[in-house]
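To keep things clear, I will list the structure first and then write my remarks on it.
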Amino acid sequence: MKNYFTKKGLRKFFFRWMVVNVVYLMIKATVEHEGEGFLDFVDPTGIFYYVTAFLFFMVTWEYNDRLIYEQLKAGGLDLKNSLLIFGKTMLLLVPMTTLIYYLALFPFKDTIGIVCEDPVLEFRSNIFRSWLLATAVVFINLFYFSIKQKDELTRQMEDLRREMMASQYTALKNQISPHFLFNSLNTLTSLMYEDRDLASDFVTRLASSYRYILDNRGHDLVSLRKELGFLDAFVFMMNVRHKEAVVIETNINVVTENYSIPTLSLQMLVENALKHNLYSKERPLHIQITTIGDAALAVKNNLRKRDLKEETTRLGLKNIKKRYSFYTNQQVLVREETASFEVIIPLLDKGITEMNVLAIS
């Protein structure tokens with residue numbers, strides 16, 4: 001009850017108290033007998049029924065609220081757990097109302113001063129009425145919280161969509177960075193003096209990489225086939241730049257056209273391995289990209305951590321996780337062991353993801 005001592009709690013209490021008064025007056029109007037005063041609350045019978053109505057309403061409502069809040073924290077409301085909440089609420093109310101009305105109308109009837117012609121009929125009427133009202137309160141309460149839950153889920157989806165779009169453009173902007181272009185041009189400058197044919201190949205791959213990035217800047221998902229095509233150009237440039245210091249291998253055993261992944265996610269994971277590890281011709285960095293059945297892709301590299309000037313924020317991995325959370329409940333898994341680092345990303349069924357995008361857009 002301590003929650004009622006806050007401003008919000010007081011508003012909640014007075015609202016429920018007003019509901020109790022309205023319902024009590026409506027019931028009193030329907031059962032009023034001739035010669036009885038409609039607003040006569042001072043007689044023992046009127047006081048008893050008003051107090052019990054207030055007690056039953058408040059206990060039922062508060063207990064039902066608590067059960068609902070617990071369920072919302074545990075995962076949300078659905079038909080099954082809503083019926084379970086109703087059952088638990090009635091398990092509290094039924095014996096409480098039965099006991100109180102029985103004691104008031106039989107053993108303590110004269111002590112309390114309740115006036116009624118037929119205690120048995122009065123008992124049955126009171127029990128039926130209290131259970132009916134409790135059922136109405138519980139289902140109205142469940143309906144109210146279900147609407148709130150739906151609105152909250154809609155709001156979260158909108159927030160997630162905005163966050164996803166923001167992370168999408170941030171990711172794309174980061175890929176077209178002056179640093180990446182500067183390193184590529186440096187490599188190209190060296191190649192022009194050493195191997196003009198390779199330099200020509202390098203320019204072609206660099207152009208195709210930027211073409212891919214620009215063509216897909218408005219799409220957060222791309223087919224696995226297109227992403228691997230882009231990755232092939234990116235791997236070529238990395239091999240030219242780092243020569244034998246970096247070895248990138250792919251082993252894909254699925255129909256790549258049937259699956260989608262977030263745009264540039266593989267390139268981001270490869271760059272993440274390059275950024276955080278030491279490598280040389282004598283001790284090369286091995287990056288393996290393989291399929292796990294038809295459900296996931298694994299990007300794994302041997303681990304030789306680089307000492308970074310600033311502590312890593314893992315923004316690249318967070319970016320990928322957020323983008324995946326928009327399309328699936330499957331998790332992006334990160335496994336770090338003594339000698340290796342592995343990221344496992346789900347493969348998204350192309351048909352299902354296209355339906356989801358159309359439904360939300």
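The values are calculated or read from the model by the stated rules, or taken from the named source; none is laboratory data. These numbers were taken from a predicted model, which means no experiment stands behind them. Because the Cβ atoms are built from the backbone with ideal geometry, glycine has one as well, and the counts that use them run over all protein chains shown. Just the protein is used for accessible areas: all its heavy atoms, side chains included, with ligands, DNA and RNA removed. Shrake-Rupley method; radii C 1.70, N 1.55, O 1.52, S 1.80 Å.
Got a sec? Which of Ile85, Ile100, Ile127 is within 40 Å of the chain's Cα centre (by Cα), surrounded by 11 or more Cβ atoms within 10 Å (Cβ to Cβ) and at pLDDT 90 or above? Give the derivation first.
On the way: Ile100 fails: within 40 Å of the chain's Cα centre (by Cα); Ile127 fails: within 40 Å of the chain's Cα centre (by Cα).
Answer to the selection: Ile85.
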| query | Just to be sure, is Glu227 modelled with pLDDT of 90 or more and outside any strand (DSSP E or B)? | reply | yes
| said: Taking the criterion of being modelled with pLDDT of 90 or more, of a type in the set (Ser, Thr, Tyr), under 29 Å from Val203 (Cβ atoms) and part of a loop (DSSP other than H, G, I, E, B), would at least one residue in the range 272-283 satisfy it? | reply: yes
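Being touching a helix residue (DSSP H, G or I) at 6+ places or on another chain (Cβ under 7 Å), at pLDDT 85 or above and either under 27 Å from Ile345 (Cα atoms) or open to solvent by 80 Å² or more (accessible area, probe 1.4 Å) (or both): is that true of Asn251 here?
Taking the combined requirement at face value, the residue does not satisfy it.
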| query | Say we look at the range 204-224 and pick out the residues that are of a type in the set (Gly, Ala, Ser) and over 26 Å from the mean Cα position of the chain (by Cα); which of these is least open to solvent (accessible area, probe 1.4 Å)? | reply | Ser209
| Odd one out for Phe54, checked against (1) out of contact with any helix residue (DSSP H, G or I) (no Cβ under 6 Å at 6 or more places or on another chain); (2) of a type outside the set (Ser, Thr, Tyr); (3) open to solvent by 20 Å² or more (accessible area, probe 1.4 Å) | (1)
| remark: Checking Lys322, Lys305 in turn, the sole residue that is at pLDDT below 85, open to solvent by 20 Å² or more (accessible area, probe 1.4 Å) and of a type in the set (Lys, Arg) turns out to be Lys322
| task | Could you give me the residue pairs with C-beta distances under 9 Å whose first residue belongs to the range 83-106 and is of a type outside the set (Lys, Arg), whose second residue is modelled with pLDDT of 95 or more wherever it lies, and which are 6+ apart or on separate chains? | result | none
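Looking for whichever is surrounded by fewer than 17 Cβ atoms within 10 Å (Cβ to Cβ), at pLDDT below 90 and assigned to a helix (DSSP H, G or I) here; the options are Gly351, Gly316. Which one fits?
Details: Gly316 fails: surrounded by fewer than 17 Cβ atoms within 10 Å (Cβ to Cβ).
Exactly one residue qualifies, and that residue is Gly351.
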